[in-house]
Amino acid sequence: MNPDVSAQRVSPPTWVLASHNPGKLAEFRTMLGDVDLKLASEFGLTAPAEPANSFVENALIKARHVSQATGLPTLADDSGLMVDALFGAPGVQSAVYAGEQQPDAAHIDKLLRATAHVPDGARGCKFVCVLVLIQRHDDPLPLIAQGIWRGELLRAPQGSGGFGYDPVFFDPETGKGAAQMLHADKAFRSHRGRALAELKRLL
């Protein structure tokens, strides 16, 4: 190998994803091929409290917490499912809807019971993702991007892929549930994919 060429190679930037969720990491790595993305859990960090009532505020809390601890640029997302018939619930409480440290199945079960009375045709919902990218913990100008994926709430889980509420989210445009999609297809079509496309535009 030509040493001059080797010397010119630039290592990809390292960012930390302010999450302990390997499913989110897999999706972001699919969409961010030119970034060395690591989970916050790789640094032994615990998740901060998320007391805010908005996705963007919670994302900022997570980003600043992780960036201050690691000294690295940090990407944080706050995301959730908003169901029309429940006036936007579970929303920012999506990850703790059935209680702290409960598995995805428990949150889904509670949601299906809460919407059992909602008729077909009125089961609209949307996945929401707000992304925040900061260069340092006191970054005065964080990049903020939003993505929304509209769909319908299924009456029972379908598919074996994805995570979170994916098994009960149906995408009318493709005729598939989120948990039935190929990983790469879902990654780019999803609320996270749309938010990341907007973040790339801002970058």
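No value in this document is a laboratory result; all are computed from the given coordinates. Not measured: the values here are computed from a predicted model. So basically every Cβ, Gly included, is an ideal-geometry build from the backbone, and we count neighbours across all protein chains shown.
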What is the magnitude of the charge dipole of region 91-203 about its Cα centre, with +1 placed on the Cβ of each Lys and Arg, -1 on the Cβ of each Asp and Glu, and no other charges, expressed in debye to the nearest 20?
200
Give the percent of DSSP beta bridges with both residues in region 1-134 that are antiparallel, rounded to the nearest 5.
65
With loop defined by DSSP as not H, G, I, E or B, and exposure as at most 14 other Cβ atoms within 10 Å, which is the longest segment of the chain clear of exposed GluC sites (Glu not before Pro)?
1-99
In region 1-97, the chymotrypsin sites (Phe, Trp or Tyr not before Pro) that fall in loop regions by DSSP, at most 13 other Cβ within 10 Å
Phe87
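Roughly how many debye, to the nearest 20, is the charge dipole of region 3-202 about its Cα centre, given +1 on each Lys and Arg Cβ, -1 on each Asp and Glu Cβ, and no other charges? Mind showing how you got there, number by number?
On the way: 20 positive and 22 negative charges, 40 e Å.
Charge dipole, region 3-202, about its Cα centre: 200 debye, nearest 20.
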Within 10 Å, at most 14 other Cβ atoms, and a DSSP state outside H, G, I, E, B define an exposed site. Report the longest part of the chain free of exposed trypsin sites (Lys or Arg not before Pro).
10-135
When N is the residue count of the chain, what does its C-alpha Rg come to as a fraction of 2.2 N^0.38 Å?
1.09
Go ahead and estimate [θ] at 222 nm for the chain from helices alone: -39,500 (n - 2.57) per DSSP H run with n ≥ 4, summed, over the residue count, rounded to 500.
-9000 deg cm²/dmol
Going from the fewest other Cβ atoms within 10 Å to the most, one would list His183, His137 as His183, His137
